Amino acid sequence: MLNCMVVGAGGFIGAVCRYLIGLIPVKEPFAFPVKTFVINIVGSFVIGIIAALSVKSGVLSPRAVLFLKTGLCGGFTTFSTFALETGTLIRGGNTGIAFLYVVLSVIVAVAAVFGSEAVLR
């Protein structure tokens, strides 16, 4: 039960941070969902750091890893919003931008995980 509370607390913080970033007024060029893109890339970078720290140094306890990876990063990043925005772009006739969004999101997010792990080496 304590693990559930730890994940929930992390998820609360991550979701509130995502909400607050969503309030930042940003002119999204060409209908590209900049804020969700940035949120997912930052979350990917952070989860890479957490994963590397938990494996390499053992600095983080299993409960801290639950709080940070599953809770905080899980509540902060947002695959469902990514999918919704992609569908909205396609339905709105912005298929090229939707394709660019999907490809960039996957490539840059994976690169962010590798980049964050490389920083800790």
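Here the accessible area of the chain is 77 percent carbon and sulfur, with a 1.4 angstrom probe and all protein chains present.
Once divided by 2.2 N^0.38 Å, the Cα radius of gyration of the chain becomes 1.16. Annotation for Leu20 and Val110: the two label points, set 7 Å from Cα along the Cα-Cβ direction, are 3.3 nm apart. Working note: Karplus 6.51/-1.76/1.60 with θ = phi - 60° gives region 75-92 the couplings x, 7, 7, 8, 5, 5, 5, 4, 5, 4, 5, 4, x, 5, 4, 5, 4, x Hz, where Gly and Pro are set to x.
How fast does region 1-43 diffuse by Stokes-Einstein, in µm²/s, taking the Kirkwood radius from C-alpha pairs at 4 °C and 1.567 mPa s? Rounded, D is 109 µm²/s. Between Glu28 and Arg91, the modelled labels are 1.3 nm apart [label points 7 Å from Cα along Cα→Cβ]. Using alpha-carbon pairs under 8 Å, 6+ residues apart, how would you state the relative contact order of the chain in percent? Computed over the chain, the figure is 42 percent. Per residue, the solvent-accessible area of the chain (1.4 Å probe, heavy atoms of protein chains only, all protein chains present) comes to 59 Å².
The values are calculated or read from the model by the stated rules, or taken from the named source; none is laboratory data. Remember, predicted model here, so these are calculated numbers, not experimental data. Virtual Cβ from ideal backbone geometry, glycine too; neighbours counted across all protein chains shown. We work out accessible area using only protein heavy atoms, side chains counted, and drop any ligands, DNA or RNA first. Shrake-Rupley method; radii C 1.70, N 1.55, O 1.52, S 1.80 Å.
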